[in-house]
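Structure first, commentary second.
Laboratory data are not the source of any read-out in this text; all were calculated from the coordinates shown. This structure is a prediction, so every number in the text was calculated from the model and none was measured. Here the Cβ is made from the backbone with ideal geometry for all residues, glycine too, and neighbour counts use every protein chain on show.
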Amino acid sequence: MIKRPYGTDVYGPCGNYSTTNDIRTISLSSNERTAIADSICLEKGQRYQVELNTNEFDRPAFASGQSPSILIDSITLIPKATDIPFLSGTPENQRKQYEYEHRCLMPYYSLNRSPEVDEFCRKTLMSTGFYTFDGAQPCGCNPTGSFSADCQQLGGLCQCKQYVSPRTCDRCHVGYYGFGPDGCKACDCHRVGALDNECDPITGQCNCRPETYGRQCDECQPGYWNYPNCQRCDCNGMSDMCDSKTGSCIDCRDNTAGHHCEECAPGYYGDPLGRLTGMVVPCRPCPCPGVEDSGMSHAHTC
């Protein structure tokens, strides 16, 4: 969907264009990497918003419990050949237009804009760029993310460092973070604990599912255990923390102990959960004379 904040100029090139055509439906099969929408009229100097709404086919969730997902790496505007003067009008130009539309559009569809195209396409794509942008454009390669200030003549792609993109090498690829002189690092978000493989471009913090924790969402939040099926620690209100793998409670309060803080600690007696007597009896020190370290005590517990 194209959103036009200011509508269309009735006297401009889109004056006869119906904005009902701004809503388009396209489909992408499992063996395709690109999808092409029909032509849309845009006016020079205006700002537009593109809203994408995705729907998945009815299918079972993956074994891991995650639903199918898609990563959209780019939205490309392709000039309409019939609006380019040197590709329309005369029979010779119309022949060039046919060649252009059937041989030269692949660089628009791929982020890997290789300069290895035939001479006709190379010249036509360059001329199209000159016409669209009113002349040649500076490379503008980011000095931190690129190896040099030079770029490809066709497409202007700079020589980016590892996992850096897009054309000017000024940010990390999707799924990477930590833009710097050495390139970027992989987010490595946990495939079960994270919502996706995107992370904060600076800190690398992944988008965690509820109850998961850590930069990569690969552990349970404090107070939970049994990753990736995180569940709250069961400590009978005597502790807020437990071992993240076993669920054994840590630092039981009120002189309690045990896996769930369900019993009195050694040297104490009582019934902290009321299981034995039917009523809660707080844990108290054993009434044995002396202490073990004194050498005068003959009891270890009670």
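Just how large is the dipole of the chain about the Cα centre, in debye to the nearest 20, putting +1 at every Lys and Arg Cβ and -1 at every Asp and Glu Cβ?
Working: 26 positive and 37 negative charges, 191 e Å.
The dipole of the chain has a size of about 920 debye.
Given (i) 199; (ii) 244; (iii) 145 as candidate values of volume of the Cα convex hull per residue in Å³, which corresponds to the one derived from the coordinates?
(ii)
How far is helix 119-133 tilted, in degrees, relative to the longest principal axis of the Cα atoms in the chain, given as a value from 0 to 90 rounded to the nearest 10?
80 degrees
In deg cm²/dmol, rounded to 500, what helix-only [θ] at 222 nm does the chain give when every DSSP H run of at least 4 residues adds -39500 (n - 2.57) and the total is split over its residues?
So the helix-based figure for the chain works out to -3000 deg cm²/dmol.
Sort 185-192, 11-18 by packing, meaning the average of other beta carbons within 10 Å per residue, with the highest value first.
Working: 185-192: 18.4, 11-18: 12.0.
Per-residue Cβ counts within 10 Å, averaged per peptide and sorted highest first, yield 185-192, 11-18.
Give a residue-ordered list of calculated ³J(HN,Hα) values for region 22-35 (Karplus: 6.51 cos²θ - 1.76 cosθ + 1.60, θ = phi - 60°; whole Hz; x for Gly, Pro).
6, 9, 10, 10, 10, 10, 10, 7, 5, 9, 10, 10, 9, 9
With a cut-off of 8 Å between alpha carbons and a minimum separation of six or more residues, what is the relative contact order of region 79-136 in percent?
Values: 29 pairs, mean separation 16.2, N = 58.
Reported as a whole number, the value is 28 percent.
Could you calculate the contour length gain from Asp254 to Arg275, that is, 0.36 nm times the residue separation minus the distance between their Cα atoms, to one decimal place in nm? Present the calculation step by step, with values, prior to reporting the outcome.
Values: separation 21, 0.36 × 21 = 7.56 nm, distance 1.67 nm.
Here the answer is 5.9 nm.
Roughly what angle does helix 91-103 make with the longest principal axis of the chain, taking Cα atoms, 0 to 90 degrees, to the nearest 10?
It is inclined by approximately 20 degrees.
Once amide H atoms are built 1.01 Å from N in the peptide plane, which residues 5 or more positions from Ser239, or in another chain, come under 5 Å H to H?
When sequence neighbours closer than 5 places are left aside, the close amide H contacts are Arg253.
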